[in-house]
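Report on one structure; see the data block that follows.
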Amino acid sequence: METAEFLQTLETEGRLLAAAAEEAGTDAKVPTCPEWHVRDLLRHTGAVHRWAASYVAERHTEGRPLGEVPDLDGAELVAWYRDSHRLLVGTLADAAPDVECWFFLPAPSPLAFWTRRQAHETTVHRFDAESARGSGTTAIAPDFATDGIDELLRGFHARSRSRVRTDEPRVLRVRTDDTDAVWTVRLSSEPPVTTRGAFGEAECELSGTAEQLYLALWNRAALPSVTGDQALADLWRETSGI
């Protein structure tokens, strides 16, 4: 996917998130994040939007903590989230392609990284907001969901902070039914090492549509299909939280 496609997805998903949050109300519980109410979801996602925009707009070259969130609730908090989302989309749309700033996963450029990362961040939390609303959720395009699985497996879980570890080497396979994407995840006492493709024998395979796996691997839904050693699937559920 191209950066412009991620930007369009980010714009659409943020609008859907705000609409679902407004309909649900900030007191509503978020079933996919049991410790949160909608107000927590809006505060978190809005703060992340402003944090991401600050790197691109101000060209920070080192990581920084999230900023403070305002003491708002109800309609005022929804409006603040919408402002945060507009700020992020506008900043990314106006940025020079060669802008230099800090980013934390492999990417062709900082701008490509932040646009992709925020598109996925917003999509996952849009699903949270729609779950809180309780009247159905918007479909996630297969190609976008496949990209998000790749970002999670080959990006986030390649980092030293991943807690998905095993005492002995194990092999997990992830396979989408609708986009023919396959990943081989090698687990050990070190961070997981994931490659695209089916290499060697796997002790457990997780399969389903790209959307199903995207939501399941982000712990927003049940794993659609598990073949082989269930313990490896359980390990993912227990230790993969970001």
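The values are calculated or read from the model by the stated rules, or taken from the named source; none is laboratory data. Quick caveat, the model's predicted, so the values are computed rather than measured. Every residue, glycine among them, receives a Cβ derived from its backbone with ideal geometry; neighbour counts consider all protein chains shown. Remember, those area values only see protein heavy atoms, side chains included, never the ligands or the DNA or RNA. Shrake-Rupley method; radii C 1.70, N 1.55, O 1.52, S 1.80 Å.
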Residue selected from segment 3-27 under the condition open to solvent by 20 Å² or more (accessible area, probe 1.4 Å) and over 17 Å from the mean Cα position of the chain (by Cα), by the criterion nearest to Thr91 (Cα to Cα): Ala4
Collect the residues in segment 84-103 that are more than 19 Å from the chain's Cα centre (by Cα) and either hydroxyl-bearing (Ser, Thr, Tyr) or open to solvent by less than 50 Å² (accessible area, probe 1.4 Å) (or both), keeping them in residue-number order. Gly90, Thr91, Ala95, Ala96, Val99, Cys101
What residue, of Glu211, Glu190, Glu238, is in a loop (DSSP other than H, G, I, E, B) and either β-branched (Val, Ile, Thr) or open to solvent by 50 Å² or more (accessible area, probe 1.4 Å) (or both)? Glu190
Do you know which residues across segment 1-34 are within 25 Å of Pro97 (Cα to Cα), part of a loop (DSSP other than H, G, I, E, B) and modelled with pLDDT of 95 or more? Glu2
Return the only residue of Arg175, Arg170 being free of Cβ contacts under 8 Å to residues at least 40 places away in the same chain and either surrounded by 21 or more Cβ atoms within 10 Å (Cβ to Cβ) or of a type outside the set (Gly, Ala, Ser) (or both). Arg175
What about Pro106, is it touching a Gly at 6+ places or on another chain (Cβ under 9 Å), under 25 Å from Arg159 (Cβ atoms) and open to solvent by 60 Å² or more (accessible area, probe 1.4 Å)? yes
Which count do you get for residues in segment 193-208 that are open to solvent by less than 50 Å² (accessible area, probe 1.4 Å) and among the hydrophobic types (A, V, I, L, M, F, W, C)? 3
